Amino acid sequence: MKNLPRALTLAASLLAASAAISQTFPNAPVTMVVPFAAGSGTDSVARIVAKKLGERLKQPVLIDNRAGANAQIGAQFVAKAKPDGYTLFMTTNTSHSANPSLVLNLKYDPIKDFTPIARVGELPFALVVNKNDPAKSLKGWIDQVKANPGKFAYATPNSTSLVASETIKRIAGLDVVAIPYKSSPQALTDLIGGSVQMYVVDLGSGMGMINAGSVRVLGVTTKEPLKSMPDAVPIAKEVPGFDLTSWNGIFGPAGMPRPVVDKLNVELQEVLADKEVQKALSQLGFETWPTKTPEEFAKYVTDQLAHWGTLIKQAGIRPE
């Protein structure tokens, strides 16, 4: 009992310190690292979210594109950053769900090296072909590929495109060749030019070309039709067993102060509830889908890591 007043004093001091951190953060610009190139879907989402988040935090939130190696470069940078809340990471299932099963000797741990803050939502992908492709439906395209084994190639600038394409290839029994790319814009350019015949593209990158009629959508990765593209058929309708969700969210380095994590989580909830933000994101085909707490997001990340590991194993994709 003699130590009780001392313990209460210590607890009160810790609470006061936590409150002080929360009240003073941030007092300088915040950097949001994006592990993909400018113009990618994740980059577009990050810029919309960062602008509104900066307004709420009353400090600029600056985008830092660190593209390359399937999001590994950005992930490694953030994992080594100071965990003070001034370096955030807007990333996707590529770095935190797929890479651990696709990359040998991965130089970061998606669970141990990061602090989950909040899931942002789902960035749907669409299976697109050249506008002059004779196939007018996903079934028609699959039949066309089966009639011409080895003559079709698909673009793959990220893990989601790779896993989605290989899953379709496995389930439908197709003989198609994977062509790796460094970025979505390059892949789209070659699809339009005819160098590749199919690409599962994120709508943030592809919506402009889709709206312009440069490419044709044959299916979407979501389980239900999208509000923004109600006529696009979910791939699972034609490829039974296809189950892929492309999510994105915001992390920080491991060891961030809890008051800072909580403040960022609360502010992000407000950002994602903002009607202007929702409208801007919906124009990218993005579906907001926030988690309420960091713990909820952490569990989701762990569950998705296991799910994508199963998908990759079933698709027969070997780590490199």
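Data table
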| item | result |
| --- | --- |
| Elements of type helices (runs of 4 or more DSSP H) contained in region 209-320, each with 2 or more residues being within 28 Å of GLU166 (Cβ to Cβ) and open to solvent by 50 Å² or more (accessible area, probe 1.4 Å) | 235-238, 294-315 |
| Test for ALA178: is it of a type in the set (A, V, I, L, M), assigned to a loop (DSSP other than H, G, I, E, B) and farther than 30 Å from LEU88 by Cα | no |
| Per-region count, region 71-93, residues touching a residue at least 40 places away in the same chain (Cβ under 8 Å), open to solvent by less than 40 Å² (accessible area, probe 1.4 Å) and assigned to a helix (DSSP H, G or I) | 6 |
| Given (1) within 17 Å of LEU203 (Cβ to Cβ); (2) in contact with a strand residue (DSSP E or B) (Cβ under 8 Å, 6 or more places away or on another chain); (3) not acidic (Asp, Glu), index of the condition PHE152 fails | (1) |
| Failed item, numbered, when VAL120 is tested on (1) open to solvent by 10 Å² or more (accessible area, probe 1.4 Å); (2) among the aliphatic types (A, V, I, L, M); (3) touching a residue at least 24 places away in the same chain (Cβ under 8 Å) | (1) |
| Residue pairs meeting the criteria (Cβ under 8 Å; at least 6 apart or on separate chains; first within 21 Å of PHE36 (Cβ to Cβ) and in contact (Cβ under 8 Å) with a residue 24 or more places away in the chain, in region 204-233; second charged (D, E, K, R) and part of a helix (DSSP H, G or I)) | GLY204/ASP43 |
| Neighbours by Cβ (under 9 Å, 6+ apart or cross-chain): first from region 44-70, open to solvent by 40 Å² or more (accessible area, probe 1.4 Å); second of a type in the set (Lys, Arg) | ILE63/ARG47; ALA67/LYS182 |
| Where a residue in region 130-150 is open to solvent by 70 Å² or more (accessible area, probe 1.4 Å) and its partner, wherever it lies, is among the acidic types (Asp, Glu) and assigned to a helix (DSSP H, G or I), with Cβ under 6 Å and at least six apart | LYS139/GLU238 |
| Region 94-113 - residue that is of a type in the set (Ser, Thr, Tyr) and under 25 Å from ILE48 (Cα atoms) and, of those, surrounded by the fewest Cβ atoms within 10 Å (Cβ to Cβ) | THR94 |
| Region 151-170: number of residues that are outside any helix (DSSP H, G or I), small (Gly, Ala, Ser) and crowded, with 24+ Cβ neighbours inside 10 Å | 1 |
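The values are calculated or read from the model by the stated rules, or taken from the named source; none is laboratory data. The model shown is predicted, which means the values in this text are computed figures rather than measured ones. We place every Cβ from the backbone using ideal geometry, glycine too, and count neighbours over all the protein chains shown. All accessible areas refer to the heavy atoms of the entire protein, side chains included, with ligands and DNA or RNA removed. Shrake-Rupley method; radii C 1.70, N 1.55, O 1.52, S 1.80 Å.
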